[in-house]
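Participant: One structure follows; several queries about it will come next.
The values are calculated or read from the model by the stated rules, or taken from the named source; none is laboratory data. Everything numeric here is computed off the predicted structure, so don't read it as measured data. Cβ atoms come from the backbone with ideal geometry, glycine included; neighbour counts cover every protein chain shown.
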Amino acid sequence: MLELSLILILWAYLLVQLVIFAGIFSEPRARKKQLDWPFISILVPARNEAEHIESCLKSLLQIDYPSGAFEILVGNDGSTDDTGKIIENLAHHNPQIVQYQIEGQLGSAKAKANVLAQLVHKAKGEYIFVTDADITVSKTWVKNLLPYLLEPNMGIVSGTTLIEGPGFFAGMQSLEWLLANGNLLGLDHLGMKGTAVGNNMAFTREAYFKTGGFEKIPFSVTEDFQLFNYIRKQGFKTRNLGQRASLNLSKPQTNFMRLLHQRKRWMIGAQGLPWYWFPFFILLSLYAPVIVILFFIHFKMAFTILLIKFLLQSVFLMYLQNKFRIKTHYFYLFVFEPYSNIINFLMLVFYLMPIKMNWKERKY
């Protein structure tokens, strides 16, 4: 009975992976290009981002969009490094960039949510785009997301963000993000909505203020999920896109503790996901211990399932790499399996430990 139960759990996990894979192929077709491009506002929260803010803003200045039809509002959230000076210098030569010093708290909003809450009130556009200071956006980012956002009753549209950086640790994070985004997209295309990607999303002013804004909705360390959820509660449609044209690139975490704190933040936010996500998370968390136990009971069956899982996952990742036109070492695909199982275990342990999540030098 134990052996049968273990085998059923593992095959159920593989079945879910196949369903997600099928979902990837049901992505909506790209919208036609617009002939008239409305004025838009791009919001960038920044806190101690001297290392990244210049490349972020320069990528935004190079977007394929009429120069007089967009503004870039940067919220300097109490930075103690040279972030403010870098923004000021770029703003001096580029009138689209406006820097705001974030002071005080607007309603219930805190941290990044507070920055965005204040910037939205400054924004002139009816269509608002959001990215982070450690992101470089594609030139076609706005033109890819906007036509979907202009669909009737659309509230929020989200693109895909992946990791780009040198070295093994960055390579593993890149595959993690690729797999996580693939799962998000596959389930979203099947109607199982999850969240927006906070550094790659756009929403309408109407939908945002129908929720009351970040100052009215309950605070969450995953502000993107919270806004996504409340916009859906107001009856607006949402859409996640897995298209190269709206792909943004993020910097990897530079050390293991920062990675664990990042994942703890994600896991805190995941508590609010719809019920249909939890069977997936349960199967994901059970996979590693179940496969280990099965190896001692039925080696051949365990090895077969492990091999099928590796092949399915590798094909899925290679398909996504081709879809987004990104490259990685094939060696990474072989070591990603043990790496991801170790990381998932450590994430769970760290999440359960009574340690406050530290993000951007703030604890929650």
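Participant: Return yes or no: is V142 under 19 Å from the mean Cα position of the chain (by Cα) and in contact (Cβ under 8 Å) with a residue 60 or more places away in the chain?
Facilitator: On the way: under 19 Å from the mean Cα position of the chain (by Cα): yes; in contact (Cβ under 8 Å) with a residue 60 or more places away in the chain: yes.
Considered against the rule, which asks whether it is under 19 Å from the mean Cα position of the chain (by Cα) and in contact (Cβ under 8 Å) with a residue 60 or more places away in the chain, V142 comes out as yes.
Participant: Mind listing just one residue for me: the one in region 213-239 that is aliphatic (A, V, I, L, M) and not in a loop (DSSP other than H, G, I, E, B) and, of those, nearest to M201 (Cα to Cα)? Working first, answer last.
Facilitator: Just the residues of region 213-239 that are aliphatic (A, V, I, L, M), to begin with: 217, 221, 227, 231.
Those still in the list that are not in a loop (DSSP other than H, G, I, E, B) too: 227, 231.
Values: L227: 11, I231: 13 Å.
Looking at the filtered set, the residue picked out is L227.
Participant: Let me confirm something: among G272, G242, which residue is in contact (Cβ under 8 Å) with a residue 12 or more places away in the chain, in a loop (DSSP other than H, G, I, E, B), under 16 Å from the mean Cα position of the chain (by Cα) and more than 22 Å from Q313 (Cα to Cα)?
Facilitator: G272
Participant: For region 336-354, name all the residues that are without any contact (Cβ under 8 Å) to a residue 12 or more places away in the chain and either among the aliphatic types (A, V, I, L, M) or in contact with a helix residue (DSSP H, G or I) (Cβ under 9 Å, 6 or more places away or on another chain) (or both).
Facilitator: Within region 336-354, the first condition is being without any contact (Cβ under 8 Å) to a residue 12 or more places away in the chain, and the residues that meet it are 338, 342, 349, 352-354.
Answer for region 336-354, where residues must be without any contact (Cβ under 8 Å) to a residue 12 or more places away in the chain and either among the aliphatic types (A, V, I, L, M) or in contact with a helix residue (DSSP H, G or I) (Cβ under 9 Å, 6 or more places away or on another chain) (or both): I342, V349, L352, M353.
Participant: Where in region 1-109 are the helices (runs of 4 or more DSSP H), entirely inside, with at least 2 residues that are under 21 Å from the mean Cα position of the chain (by Cα)?
Facilitator: Values: elements: 2-24, 53-61, 83-93.
Of the helices (runs of 4 or more DSSP H) lying wholly inside region 1-109, those with at least 2 residues that are under 21 Å from the mean Cα position of the chain (by Cα) span 2-24, 53-61.
Participant: Could we say that Q262 is among the polar types (S, T, N, Q), assigned to a helix (DSSP H, G or I) and either under 15 Å from N341 (Cα atoms) or at pLDDT 85 or above (or both) here? Quick ask: steps written out before the conclusion?
Facilitator: Values: among the polar types (S, T, N, Q): yes; assigned to a helix (DSSP H, G or I): yes; either under 15 Å from N341 (Cα atoms) or at pLDDT 85 or above (or both): yes.
Yes: the conditions hold for Q262.
Participant: Quick check on my filter: what residues within region 110-139 are farther than 12 Å from A202 by Cβ, under 17 Å from the mean Cα position of the chain (by Cα) and not aliphatic (A, V, I, L, M)?
Facilitator: Across region 110-139, the qualifying residues are K112, D132, D134, T136, S138.
Participant: Ok, one more. Looking at R258, R244, R263, which one is of a type in the set (D, E, K, R) and crowded, with 19+ Cβ neighbours inside 10 Å? Show your work before the answer.
Facilitator: Numbers: R258 fails: crowded, with 19+ Cβ neighbours inside 10 Å; R244 fails: crowded, with 19+ Cβ neighbours inside 10 Å.
R263 is the lone residue from the list that is of a type in the set (D, E, K, R) and crowded, with 19+ Cβ neighbours inside 10 Å.
Participant: Any chance you could count how many residues in region 202-234 are within 23 Å of M192 (Cβ to Cβ) and without any contact (Cβ under 8 Å) to a residue 24 or more places away in the chain?
Facilitator: Within region 202-234, residues that are within 23 Å of M192 (Cβ to Cβ) and without any contact (Cβ under 8 Å) to a residue 24 or more places away in the chain number 3.
Participant: Related question: Which of the residues spanning region 320-364 are of a type in the set (D, E, K, R), at pLDDT 90 or above and closer than 21 Å to T254 by Cβ?
Facilitator: none
Participant: Where residues in region 158-198 are modelled with pLDDT of 95 or more and assigned to a loop (DSSP other than H, G, I, E, B), which of them is nearest to L227 (Cα to Cα)?
Facilitator: G159
Participant: Same structure, new question: Go through (1) of a type outside the set (K, R); (2) in contact with a Lys or Arg (Cβ under 6 Å, 6 or more places away or on another chain); (3) at pLDDT 95 or above for S79 and report which single condition fails.
Facilitator: With respect to (1) of a type outside the set (K, R); (2) in contact with a Lys or Arg (Cβ under 6 Å, 6 or more places away or on another chain); (3) at pLDDT 95 or above, S79 is out only on (3).
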